[in-house]
1. Report yes if some residue within region 118-141 is closer than 30 Å to A292 by Cβ and in contact with a Ser or Thr (Cβ under 9 Å, 6 or more places away or on another chain); otherwise report no.
2. Is it the case that region 216-236 has a residue that's under 16 Å from the mean Cα position of the chain (by Cα), part of a helix (DSSP H, G or I), in contact (Cβ under 8 Å) with a residue 24 or more places away in the chain and under 22 Å from M10 (Cβ atoms)?
3. With the requirement that a residue be more than 23 Å from G252 (Cα to Cα) and either of a type in the set (F, W, Y) or in contact with a Gly (Cβ under 9 Å, 6 or more places away or on another chain) (or both), what does region 58-107 give you?
4. Specify which of the listed residues (K170, K143) is without any contact (Cβ under 8 Å) to a residue 12 or more places away in the chain, in a loop (DSSP other than H, G, I, E, B) and not aliphatic (A, V, I, L, M).
5. Scan region 191-210 residue by residue and report those that are modelled with pLDDT of 85 or more and open to solvent by less than 50 Å² (accessible area, probe 1.4 Å).
6. Could you check region 161-174 and list, in sequence order, the residues that are polar (S, T, N, Q) and surrounded by 14 or more Cβ atoms within 10 Å (Cβ to Cβ)?
7. Considering each residue of region 247-266, count those that are under 12 Å from the mean Cα position of the chain (by Cα) and more than 14 Å from S60 (Cα to Cα), and give that number.
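The values are calculated or read from the model by the stated rules, or taken from the named source; none is laboratory data. Treat the numbers as computed from the prediction; the structure is a model and nothing was measured. As a convention, Cβ positions derive from the backbone with ideal geometry for all residues, glycine included, and neighbour counts pool all protein chains shown. To get the accessible areas, we keep the full protein, side chains included, count just its heavy atoms, and leave off ligands, DNA and RNA. Shrake-Rupley method; radii C 1.70, N 1.55, O 1.52, S 1.80 Å.
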Amino acid sequence: FFPLSVVHGMLAAIGIIIILKQFPIAMGGNAAGEPFELLLSIPAKIIHMNPCIAAIGVGSLAIMFGVPLIRNRYVKMMPTPMLVLMFAVPLGIYFNISHEHVYSFEGHEYRVGEEFLINVPGNMFKAMTHPDFSSLMTFSGWKWVIMFALIGSLESLLSAKAIDTIDPWKRKTDLDRDMLAVGIANTICAFVGGLPVISEIVRSKANIDNGARTRFANLYHGLFLLLFVGSVPFLLHHIPLAALAAMLVYTGFQLTAPREYSHVFSIGRIQLFIFVVTIIAVLATDLIIGIAVGIGTKFLIHYLNGTPLRSFFKLYLDVVHINDDSCTISAAQSINFSNWLPFRRLIENVGLAQNKNVVVDL
(Lines give C-alpha, C1' and ligand atoms only; values in the text may rest on other atoms or scores of the structure.)
Protein backbone atom coordinates (compact mmCIF):
# COMPACT_ATOMS: atom_id res chain seq x y z
CA PHE A 1 0.00 0.00 0.00
CA PHE A 2 2.93 2.37 0.54
CA PRO A 3 4.32 3.98 -2.63
CA LEU A 4 8.03 3.32 -3.14
CA SER A 5 8.81 7.03 -3.55
CA VAL A 6 7.31 7.61 -0.08
CA VAL A 7 9.25 4.69 1.45
CA HIS A 8 12.52 5.94 -0.05
CA GLY A 9 11.67 9.45 1.16
CA MET A 10 11.20 8.03 4.66
CA LEU A 11 14.61 6.30 4.44
CA ALA A 12 16.30 9.50 3.27
CA ALA A 13 14.63 11.51 6.06
CA ILE A 14 15.79 8.98 8.66
CA GLY A 15 19.31 9.31 7.24
CA ILE A 16 19.17 13.11 7.58
CA ILE A 17 17.84 12.87 11.15
CA ILE A 18 20.64 10.46 12.09
CA ILE A 19 23.25 12.86 10.67
CA LEU A 20 21.73 15.89 12.42
CA LYS A 21 21.54 14.10 15.78
CA GLN A 22 24.96 12.43 15.67
CA PHE A 23 27.18 15.11 14.09
CA PRO A 24 27.00 17.41 17.17
CA ILE A 25 28.03 14.46 19.38
CA ALA A 26 31.01 13.84 17.09
CA MET A 27 32.00 17.47 17.73
CA GLY A 28 31.71 17.12 21.50
CA GLY A 29 28.34 18.88 21.83
CA ASN A 30 24.77 17.74 22.46
CA ALA A 31 21.93 17.05 20.06
CA ALA A 32 18.83 18.47 21.73
CA GLY A 33 16.06 19.84 19.53
CA GLU A 34 13.99 19.11 16.44
CA PRO A 35 15.63 18.30 13.07
CA PHE A 36 15.35 21.82 11.60
CA GLU A 37 16.65 23.34 14.86
CA LEU A 38 19.63 20.97 14.72
CA LEU A 39 20.26 21.88 11.08
CA LEU A 40 20.41 25.59 11.89
CA SER A 41 22.66 24.96 14.90
CA ILE A 42 25.37 23.02 13.00
CA PRO A 43 27.60 26.10 12.30
CA ALA A 44 27.51 26.97 16.02
CA LYS A 45 28.34 23.36 16.95
CA ILE A 46 31.41 23.52 14.69
CA ILE A 47 32.54 26.91 16.04
CA HIS A 48 32.15 25.81 19.68
CA MET A 49 33.38 22.25 19.25
CA ASN A 50 35.42 20.52 21.95
CA PRO A 51 38.83 20.11 20.22
CA CYS A 52 39.81 16.78 21.83
CA ILE A 53 36.43 15.16 21.20
CA ALA A 54 36.21 16.70 17.71
CA ALA A 55 39.65 15.26 16.87
CA ILE A 56 38.27 11.79 17.63
CA GLY A 57 35.01 12.50 15.76
CA VAL A 58 36.58 14.04 12.65
CA GLY A 59 39.29 11.36 12.51
CA SER A 60 36.64 8.65 12.79
CA LEU A 61 34.58 10.31 10.04
CA ALA A 62 37.67 10.43 7.80
CA ILE A 63 38.21 6.71 8.32
CA MET A 64 34.54 5.83 7.70
CA PHE A 65 34.35 7.82 4.47
CA GLY A 66 37.95 7.31 3.30
CA VAL A 67 38.65 3.59 3.79
CA PRO A 68 35.84 2.38 1.45
CA LEU A 69 37.51 4.40 -1.34
CA ILE A 70 40.77 2.45 -0.98
CA ARG A 71 41.00 -0.39 -3.51
CA ASN A 72 43.23 -2.76 -1.60
CA ARG A 73 42.16 -6.26 -0.60
CA TYR A 74 44.31 -6.22 2.56
CA VAL A 75 42.63 -3.02 3.75
CA LYS A 76 39.21 -4.54 2.97
CA MET A 77 39.95 -7.50 5.26
CA MET A 78 39.36 -5.34 8.36
CA PRO A 79 35.81 -3.92 8.89
CA THR A 80 35.91 -0.12 8.77
CA PRO A 81 34.15 0.34 12.17
CA MET A 82 36.87 -1.82 13.75
CA LEU A 83 39.51 0.51 12.26
CA VAL A 84 37.61 3.43 13.80
CA LEU A 85 37.76 1.80 17.25
CA MET A 86 41.48 1.04 16.83
CA PHE A 87 41.96 4.78 16.17
CA ALA A 88 39.46 6.26 18.65
CA VAL A 89 40.03 4.19 21.80
CA PRO A 90 43.82 4.85 22.08
CA LEU A 91 43.25 8.54 21.28
CA GLY A 92 40.60 8.74 24.01
CA ILE A 93 43.04 7.17 26.48
CA TYR A 94 45.75 9.61 25.36
CA PHE A 95 43.39 12.56 25.99
CA ASN A 96 42.55 11.00 29.40
CA ILE A 97 38.83 11.38 28.75
CA SER A 98 37.87 8.94 31.51
CA HIS A 99 39.10 11.42 34.17
CA GLU A 100 37.20 14.68 34.37
CA HIS A 101 39.48 17.67 33.85
CA VAL A 102 39.71 21.05 32.11
CA TYR A 103 42.27 21.87 29.43
CA SER A 104 43.16 24.99 27.45
CA PHE A 105 43.32 25.30 23.66
CA GLU A 106 43.87 28.52 21.69
CA GLY A 107 43.06 30.62 24.77
CA HIS A 108 39.79 28.80 25.53
CA GLU A 109 39.06 26.25 28.24
CA TYR A 110 37.28 22.98 27.54
CA ARG A 111 36.13 20.15 29.77
CA VAL A 112 36.28 16.40 29.17
CA GLY A 113 35.01 13.57 31.32
CA GLU A 114 33.22 10.25 31.42
CA GLU A 115 30.09 11.65 29.79
CA PHE A 116 32.00 11.56 26.48
CA LEU A 117 32.43 7.78 26.80
CA ILE A 118 29.92 4.95 26.50
CA ASN A 119 28.04 4.51 29.76
CA VAL A 120 27.53 0.79 30.42
CA PRO A 121 26.26 -0.51 33.80
CA GLY A 122 28.93 -2.47 35.64
CA ASN A 123 26.39 -5.18 36.52
CA MET A 124 23.80 -5.80 33.82
CA PHE A 125 21.46 -7.69 36.16
CA LYS A 126 21.35 -4.90 38.75
CA ALA A 127 20.40 -2.46 35.99
CA MET A 128 17.24 -4.40 35.11
CA THR A 129 13.84 -3.09 36.17
CA HIS A 130 10.47 -4.81 36.22
CA PRO A 131 7.01 -3.71 35.04
CA ASP A 132 4.55 -1.83 37.22
CA PHE A 133 1.15 -3.22 36.21
CA SER A 134 -0.74 -0.55 38.16
CA SER A 135 -0.45 1.66 35.06
CA LEU A 136 -2.98 -0.64 33.35
CA MET A 137 -5.63 0.70 35.72
CA THR A 138 -5.36 4.14 34.07
CA PHE A 139 -6.49 5.47 30.71
CA SER A 140 -3.02 6.96 30.11
CA GLY A 141 -1.39 3.57 30.62
CA TRP A 142 -3.58 1.88 28.01
CA LYS A 143 -3.10 4.81 25.63
CA TRP A 144 0.67 4.31 25.63
CA VAL A 145 0.37 0.53 25.31
CA ILE A 146 -1.77 0.97 22.18
CA MET A 147 0.45 3.75 20.78
CA PHE A 148 3.64 1.70 21.21
CA ALA A 149 1.98 -1.34 19.65
CA LEU A 150 0.62 0.56 16.62
CA ILE A 151 3.66 2.76 15.98
CA GLY A 152 6.12 -0.08 16.57
CA SER A 153 4.19 -2.36 14.22
CA LEU A 154 3.81 0.24 11.49
CA GLU A 155 7.45 1.34 11.67
CA SER A 156 8.55 -2.32 11.57
CA LEU A 157 6.48 -2.95 8.45
CA LEU A 158 7.80 0.20 6.79
CA SER A 159 11.38 -0.70 7.72
CA ALA A 160 10.97 -4.23 6.38
CA LYS A 161 9.54 -2.97 3.09
CA ALA A 162 12.31 -0.37 2.82
CA ILE A 163 15.01 -3.01 3.38
CA ASP A 164 13.34 -5.27 0.78
CA THR A 165 13.86 -2.52 -1.79
CA ILE A 166 17.62 -2.32 -1.15
CA ASP A 167 18.26 -6.04 -0.58
CA PRO A 168 20.84 -7.10 -3.21
CA TRP A 169 19.00 -10.42 -3.64
CA LYS A 170 15.53 -8.80 -3.87
CA ARG A 171 13.97 -11.07 -1.26
CA LYS A 172 10.61 -10.37 0.40
CA THR A 173 10.14 -10.27 4.15
CA ASP A 174 7.54 -12.54 5.74
CA LEU A 175 5.70 -9.65 7.41
CA ASP A 176 3.44 -11.89 9.54
CA ARG A 177 6.50 -13.60 10.98
CA ASP A 178 8.19 -10.26 11.51
CA MET A 179 5.20 -8.88 13.46
CA LEU A 180 5.04 -12.01 15.62
CA ALA A 181 8.76 -11.77 16.41
CA VAL A 182 8.59 -8.06 17.26
CA GLY A 183 5.57 -8.65 19.52
CA ILE A 184 7.21 -11.51 21.43
CA ALA A 185 10.51 -9.59 21.71
CA ASN A 186 8.85 -6.44 23.06
CA THR A 187 6.86 -8.43 25.62
CA ILE A 188 10.03 -10.12 26.91
CA CYS A 189 12.00 -6.83 26.83
CA ALA A 190 9.33 -5.11 28.93
CA PHE A 191 9.74 -7.68 31.72
CA VAL A 192 13.41 -6.70 32.19
CA GLY A 193 13.00 -2.94 31.64
CA GLY A 194 14.05 -2.94 27.98
CA LEU A 195 12.88 -0.32 25.52
CA PRO A 196 10.47 -1.33 22.72
CA VAL A 197 12.24 -2.50 19.56
CA ILE A 198 11.33 -2.46 15.88
CA SER A 199 12.72 -4.05 12.74
CA GLU A 200 15.37 -1.40 12.42
CA ILE A 201 16.66 0.27 9.26
CA VAL A 202 20.11 1.45 10.37
CA ARG A 203 21.28 -1.93 11.66
CA SER A 204 19.81 -3.70 8.63
CA LYS A 205 21.52 -1.27 6.26
CA ALA A 206 24.82 -1.75 8.10
CA ASN A 207 24.39 -5.52 7.76
CA ILE A 208 23.77 -5.22 4.01
CA ASP A 209 26.76 -2.90 3.57
CA ASN A 210 29.01 -5.46 5.29
CA GLY A 211 27.89 -8.44 3.21
CA ALA A 212 25.27 -10.00 5.50
CA ARG A 213 22.93 -12.40 3.71
CA THR A 214 20.52 -13.74 6.35
CA ARG A 215 18.83 -12.84 9.65
CA PHE A 216 21.67 -14.61 11.46
CA ALA A 217 23.67 -11.37 11.06
CA ASN A 218 21.11 -9.69 13.29
CA LEU A 219 21.10 -12.60 15.75
CA TYR A 220 24.89 -12.56 16.06
CA HIS A 221 24.76 -8.78 16.49
CA GLY A 222 22.48 -9.19 19.50
CA LEU A 223 24.45 -12.10 20.98
CA PHE A 224 27.77 -10.26 20.72
CA LEU A 225 26.24 -7.16 22.32
CA LEU A 226 24.91 -9.30 25.17
CA LEU A 227 28.29 -11.02 25.56
CA PHE A 228 30.27 -7.77 25.71
CA VAL A 229 27.81 -5.84 27.89
CA GLY A 230 27.56 -8.76 30.31
CA SER A 231 31.24 -9.70 30.52
CA VAL A 232 33.47 -6.70 29.69
CA PRO A 233 31.52 -3.47 30.38
CA PHE A 234 34.76 -1.81 31.55
CA LEU A 235 36.21 -2.38 28.06
CA LEU A 236 33.18 -0.84 26.31
CA HIS A 237 33.46 2.15 28.63
CA HIS A 238 36.70 3.15 26.86
CA ILE A 239 34.88 3.69 23.53
CA PRO A 240 34.30 7.44 22.87
CA LEU A 241 30.75 8.40 21.93
CA ALA A 242 32.24 10.56 19.15
CA ALA A 243 33.49 7.40 17.40
CA LEU A 244 30.05 5.77 17.48
CA ALA A 245 28.50 9.05 16.31
CA ALA A 246 30.86 9.07 13.31
CA MET A 247 29.79 5.52 12.38
CA LEU A 248 26.13 6.56 12.55
CA VAL A 249 26.76 9.71 10.49
CA TYR A 250 28.24 7.50 7.77
CA THR A 251 25.25 5.12 7.88
CA GLY A 252 22.87 8.10 7.77
CA PHE A 253 24.71 9.47 4.74
CA GLN A 254 24.31 6.12 2.99
CA LEU A 255 20.54 6.37 3.48
CA THR A 256 20.32 9.89 2.03
CA ALA A 257 23.23 9.86 -0.43
CA PRO A 258 22.97 12.01 -3.59
CA ARG A 259 22.60 8.85 -5.69
CA GLU A 260 19.21 8.24 -4.02
CA TYR A 261 17.93 11.60 -5.28
CA SER A 262 19.29 11.06 -8.80
CA HIS A 263 17.78 7.56 -8.88
CA VAL A 264 14.31 8.84 -7.95
CA PHE A 265 14.66 11.70 -10.48
CA SER A 266 15.55 9.16 -13.18
CA ILE A 267 12.14 7.54 -12.57
CA GLY A 268 10.32 10.87 -12.96
CA ARG A 269 9.99 14.40 -11.69
CA ILE A 270 6.66 13.64 -10.02
CA GLN A 271 8.27 10.82 -8.02
CA LEU A 272 11.09 13.17 -6.97
CA PHE A 273 8.48 15.71 -5.82
CA ILE A 274 6.71 13.08 -3.67
CA PHE A 275 10.11 11.91 -2.38
CA VAL A 276 11.14 15.44 -1.31
CA VAL A 277 7.72 16.25 0.20
CA THR A 278 7.96 13.09 2.33
CA ILE A 279 11.45 14.05 3.53
CA ILE A 280 10.37 17.58 4.52
CA ALA A 281 7.20 16.29 6.20
CA VAL A 282 9.10 13.68 8.26
CA LEU A 283 11.68 16.28 9.32
CA ALA A 284 8.98 18.82 10.23
CA THR A 285 6.69 16.41 12.12
CA ASP A 286 7.46 12.74 12.76
CA LEU A 287 7.72 9.47 10.89
CA ILE A 288 4.03 8.50 10.89
CA ILE A 289 2.69 11.95 9.95
CA GLY A 290 5.42 12.36 7.33
CA ILE A 291 4.45 9.06 5.68
CA ALA A 292 0.79 10.13 5.74
CA VAL A 293 1.66 13.45 4.06
CA GLY A 294 3.66 11.61 1.38
CA ILE A 295 0.78 9.24 0.66
CA GLY A 296 -1.68 12.16 0.63
CA THR A 297 0.52 13.95 -1.91
CA LYS A 298 0.48 10.87 -4.14
CA PHE A 299 -3.34 10.67 -3.84
CA LEU A 300 -3.63 14.34 -4.80
CA ILE A 301 -1.40 13.90 -7.87
CA HIS A 302 -3.44 10.87 -8.98
CA TYR A 303 -6.64 12.89 -8.58
CA LEU A 304 -5.24 15.85 -10.53
CA ASN A 305 -4.20 13.42 -13.26
CA GLY A 306 -7.80 12.27 -13.63
CA THR A 307 -8.14 9.21 -11.38
CA PRO A 308 -11.82 8.90 -10.35
CA LEU A 309 -12.33 8.96 -6.59
CA ARG A 310 -14.22 5.65 -6.75
CA SER A 311 -11.12 3.97 -8.19
CA PHE A 312 -8.81 4.81 -5.32
CA PHE A 313 -9.78 1.80 -3.22
CA LYS A 314 -12.01 -0.25 -5.52
CA LEU A 315 -10.85 -2.10 -8.58
CA TYR A 316 -12.88 -2.52 -11.75
CA LEU A 317 -11.55 -5.77 -13.20
CA ASP A 318 -12.98 -8.59 -15.30
CA VAL A 319 -11.48 -12.00 -15.91
CA VAL A 320 -12.36 -12.15 -19.59
CA HIS A 321 -10.56 -15.25 -20.77
CA ILE A 322 -9.23 -18.43 -19.17
CA ASN A 323 -7.80 -21.49 -20.85
CA ASP A 324 -5.49 -24.31 -19.84
CA ASP A 325 -2.25 -22.33 -19.78
CA SER A 326 -3.20 -18.65 -19.55
CA CYS A 327 -5.79 -16.16 -18.35
CA THR A 328 -6.59 -12.56 -19.32
CA ILE A 329 -7.64 -9.86 -16.86
CA SER A 330 -9.24 -6.71 -18.29
CA ALA A 331 -8.83 -3.51 -16.26
CA ALA A 332 -11.11 -0.51 -16.49
CA GLN A 333 -10.51 2.96 -14.98
CA SER A 334 -7.36 3.31 -12.84
CA ILE A 335 -4.88 0.99 -11.16
CA ASN A 336 -2.64 2.61 -8.56
CA PHE A 337 -0.85 1.88 -5.30
CA SER A 338 -4.00 2.12 -3.14
CA ASN A 339 -5.93 -0.60 -5.00
CA TRP A 340 -2.97 -2.81 -5.87
CA LEU A 341 -3.50 -5.35 -3.05
CA PRO A 342 -6.83 -6.79 -4.36
CA PHE A 343 -5.37 -6.69 -7.88
CA ARG A 344 -2.38 -8.74 -6.75
CA ARG A 345 -4.65 -11.24 -4.99
CA LEU A 346 -6.70 -11.69 -8.19
CA ILE A 347 -3.57 -12.29 -10.26
CA GLU A 348 -2.43 -14.91 -7.75
CA ASN A 349 -5.83 -16.63 -7.45
CA VAL A 350 -6.79 -16.92 -11.13
CA GLY A 351 -3.33 -17.37 -12.60
CA LEU A 352 -0.23 -17.92 -10.53
CA ALA A 353 -1.78 -20.43 -8.12
CA GLN A 354 -2.58 -22.66 -11.16
CA ASN A 355 0.80 -21.98 -12.83
CA LYS A 356 -0.87 -20.09 -15.65
CA ASN A 357 0.49 -17.16 -17.61
CA VAL A 358 -1.37 -13.93 -16.75
CA VAL A 359 -2.14 -11.26 -19.34
CA VAL A 360 -3.38 -7.89 -18.05
CA ASP A 361 -5.32 -5.87 -20.63
CA LEU A 362 -4.98 -2.19 -19.72
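1. yes
2. The answer is no; no qualifying residue exists.
3. Listed by number, the residues that qualify are Y74, L91, Y94, F95, I97, S98, H99, E100, H101, Y103, F105.
4. Exactly one residue qualifies, and that residue is K170.
5. G193, G194, S204, N207, I208
6. Correct list: T173 only.
7. The initial filter retains those residues of region 247-266 that are under 12 Å from the mean Cα position of the chain (by Cα), namely 248, 251-256.
Next, from what is left, pick out any that are more than 14 Å from S60 (Cα to Cα): 252-256.
Total satisfying the criteria: 5.
Listed here are the residues, each with its yes/no results for (1) closer than 19 Å to S98 by Cα; (2) among the aromatic types (F, W, Y); (3) open to solvent by 30 Å² or more (accessible area, probe 1.4 Å).
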{"residue": "R213", "(1), (2), (3)": "no, no, yes"}
{"residue": "F216", "(1), (2), (3)": "no, yes, yes"}
{"residue": "S231", "(1), (2), (3)": "no, no, yes"}
{"residue": "F234", "(1), (2), (3)": "yes, yes, yes"}
{"residue": "P240", "(1), (2), (3)": "yes, no, no"}
{"residue": "A243", "(1), (2), (3)": "yes, no, no"}
{"residue": "L248", "(1), (2), (3)": "no, no, yes"}
{"residue": "G252", "(1), (2), (3)": "no, no, no"}
{"residue": "E260", "(1), (2), (3)": "no, no, yes"}
